[in-house]
Amino acid sequence: MIQNKRILLIIGGGIAAYKSLDLIRRLREQGAKVQALLTAGGAEFITPLSVSSLTGEKTYSDLFSLTDEAEMGHIRLSRESDLILVAPATADLMAKMAAGLAGDLATTVLLAANVPVMICPSMNVEMWNHPATKRNMNVLRKDGIQVVAPAAGDLACGEVGQGRLADVADIVKAAQFFFDRPGMLTGKKALVTAGPTYEAIDPVRYIANRSSGKQGYAIAAALAATGAEVALISGPTSLAVPFNVHRINVESADQMLESSMAELPADIAVCVAAVADWRAEKAVEHKIKKNGKNPPALKLTTNPDILQTLSKSGKMRPGLVIGFAAETENIVKNGQKKRGKKGCDWIVANDVSPGTETMGGARNSVHLITDKGIESWPEDTKEGVARALAKRISEYFQKEPV
Ligand code: CTP
């Protein structure tokens, strides 16, 4: 419950700073107590007066304010909240946090903080994709900082891409989840498969698919945030390892199966990977050369089905096995069939038709198919779907007799 929780909102200097005003209102609507700290950059976009009018509290902005320092203002500020939320988190602020700098009130509070920190990055798409920002994100994730990923779309600078501050409603949901779910899966072990698999044809060529791994990584992160010990068996992706998640890198379906089985016993298995259904019958040792006119015939053989193997692993079977169904037509019906065929407990069926954002994009719209029926969830970010699934999984274990 977010009600009565004390949130310190640090407002960075980006155009999205104006959205922090709406964020304050929405957090307060849920019963949170919000205190705000406006960086010098943030104050270029919005005024302390508008922030204070919405929080109903004094807005902090100056490290060297004598009255506050007399009471050790920055230390007190970093101690008195249940969560520090940084929105918008600019590339500059993230870089300073990653480096441990403390040159102003915001960074000093963040460095002195002994409470959880959640950041909501917002910046130009090139800045977001810059290797320096990626490096900083990795450092921040490793430091245990929660991240509400930016959304894709039109950016204030006129460019298009990922970098917009996440929707205010999504930030509120992320904060709510943070307060609702801590520790509910403590003591449970989860294994999650994610990403594509690469099936070698020869040393330079392979069969693969368009999976980005985002949904699987988001699920691993949500389960870890809910207290589970998480092993993420991942095909090749460019994603950072989520906080508190143990990642095992694999390439082929065979390796993914072997690594998944090695993680048993586990309480929960969530198979999100887009495993290649087939591989070359024989991956040849040397690069296939163009000899003559005819292209070489590619003889395929079927890959092992990891979800099915886990579902039918007898005594070693995880207590709750969840699969995904990537469908382009008759989504629910095919999902139901898949649940029966694979022998898993739940299926999360999603539409991967061209035009949907599912494969590689940031959003997902899913149907949860269980023995009790079908639930169609509203379209959400992949992080939102992951949190909803982690919530359902923790409810399942709360109801289970031990
Ligand atoms: N899966 C798996 N191993 C495979 C193939 C699929 O573990 N070799 C898992 C996926 O991770 C997913 C589920 O099975 O959880 C369904 O995957 P999907 O691609 O939708 O279905 P397929 O089994 O490939 O069936 P089809 O191609 O007929 O749709």
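The values are calculated or read from the model by the stated rules, or taken from the named source; none is laboratory data. Predicted model only: the values in this text are computed from it and were never measured. Virtual Cβ from ideal backbone geometry, glycine too; neighbours counted across all protein chains shown. Accessible surface is based on the protein model in full, side chains and every heavy atom, while ligands, DNA and RNA are left aside. Shrake-Rupley method; radii C 1.70, N 1.55, O 1.52, S 1.80 Å.
Could you identify the single residue in T309, T301 that is β-branched (V, I, T) and over 30 Å from V385 (Cα atoms)? First the steps, then the outcome.
On the way: T309 fails: over 30 Å from V385 (Cα atoms).
Just one listed residue meets the conditions, T301.
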Could you list, ordered by first residue, the pairs with Cβ atoms under 6 Å in which the first is in the stretch 182-204 and part of a loop (DSSP other than H, G, I, E, B) and the second is open to solvent by less than 40 Å² (accessible area, probe 1.4 Å) and among the polar types (S, T, N, Q), at least 6 apart or interchain?
M184/T226; M184/S394; L185/T226; L185/S394; G195/S211; G195/S234; T197/S252
Qualifying positions in the stretch 185-200 - at pLDDT below 95 and more than 18 Å from the chain's Cα centre (by Cα):
T186, G187, K188, K189
Name, by its number, the condition in (1) part of a strand (DSSP E or B); (2) in contact with a helix residue (DSSP H, G or I) (Cβ under 6 Å, 6 or more places away or on another chain); (3) within 14 Å of the ligand (Cβ to nearest atom) that does not hold for S260.
(1)
For a quick check of your reading of the model, give me the residue pairs whose first member lies in the stretch 267-296 and is without any contact (Cβ under 8 Å) to a residue 12 or more places away in the chain, whose second is open to solvent by 50 Å² or more (accessible area, probe 1.4 Å), with beta-carbon atoms closer than 6 Å and at least 6 apart or on different chains.
P296/I288
Subset tally (residues that are within 11 Å of the ligand (Cβ to nearest atom) and of a type in the set (S, T, N, Q)) for the stretch 331-352
2
Hey, could you check the stretch 300-330 for residues that are modelled with pLDDT of 95 or more and charged (D, E, K, R) and say which is farthest from the ligand (Cβ to nearest atom)?
R317
Among residues of the stretch 135-148, those that are under 15 Å from the mean Cα position of the chain (by Cα) and either open to solvent by less than 30 Å² (accessible area, probe 1.4 Å) or at pLDDT 85 or above (or both), counted
7
Please go through (1) more than 16 Å from the ligand (Cβ to nearest atom); (2) out of contact with any Phe, Trp or Tyr (no Cβ under 6 Å at 6 or more places or on another chain) for L239 and return the number of the only condition it doesn't satisfy.
(2)
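Scan the stretch 277-299 residue by residue and report those that are within 13 Å of the ligand (Cβ to nearest atom) and more than 20 Å from A349 (Cβ to Cβ). Even if it seems obvious, please write down each step before you answer.
Initially, the stretch 277-299 is screened for residues within 13 Å of the ligand (Cβ to nearest atom), giving 277-279.
Result: W278, R279.
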Among the residues of the stretch 361-376, write down those that are open to solvent by 30 Å² or more (accessible area, probe 1.4 Å) and either within 8 Å of the ligand (Cβ to nearest atom) or under 20 Å from S211 (Cβ atoms) (or both).
A362, R363, S365, H367
Taking the criterion of being at pLDDT 90 or above, more than 17 Å from M118 (Cα to Cα) and crowded, with 21+ Cβ neighbours inside 10 Å, would at least one residue in the stretch 157-176 satisfy it?
no
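Within the stretch 383-402, can you find the residues that are within 24 Å of K337 (Cα to Cα) and either charged (D, E, K, R) or crowded, with 23+ Cβ neighbours inside 10 Å (or both)?
Kept after step one, since they are within 24 Å of K337 (Cα to Cα), are these residues of the stretch 383-402: 385-386, 388-390, 392-393, 396.
Listed by number, the residues that qualify are V385, A386, L389, A390, R392, I393.
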Those residues of the stretch 213-230 which are open to solvent by less than 50 Å² (accessible area, probe 1.4 Å), more than 14 Å from the ligand (Cβ to nearest atom) and touching a residue at least 40 places away in the same chain (Cβ under 8 Å) amount to A218, A221, A222, L223, A225, T226, G227, A228, V230
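Results for (1) aliphatic (A, V, I, L, M); (2) under 27 Å from V366 (Cα atoms); (3) modelled with pLDDT of 95 or more, shown as yes or no for each residue.
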| site | (1), (2), (3) |
| --- | --- |
| G227 | no, yes, no |
| A240 | yes, yes, no |
| F243 | no, yes, no |
| I268 | yes, yes, yes |
| A276 | yes, yes, yes |
| E285 | no, no, no |
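Among the residues of the stretch 222-239, which ones are part of a loop (DSSP other than H, G, I, E, B) and over 24 Å from E251 (Cβ atoms)? Write out each step before concluding.
Let us first name the residues in the stretch 222-239 that are part of a loop (DSSP other than H, G, I, E, B), namely 226-228, 235-239.
Passing the criteria: T226, G227, A228.
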Pull up the stretch 114-134, narrow it to residues that are open to solvent by 60 Å² or more (accessible area, probe 1.4 Å) and of a type outside the set (D, E), then point me to the one that is nearest to the chain's Cα centre (by Cα).
K134
Looking at the stretch 296-341, which of its residues are more than 16 Å from R279 (Cβ to Cβ), open to solvent by less than 20 Å² (accessible area, probe 1.4 Å) and aliphatic (A, V, I, L, M)?
L307, L310, L320, V321, I322, A325
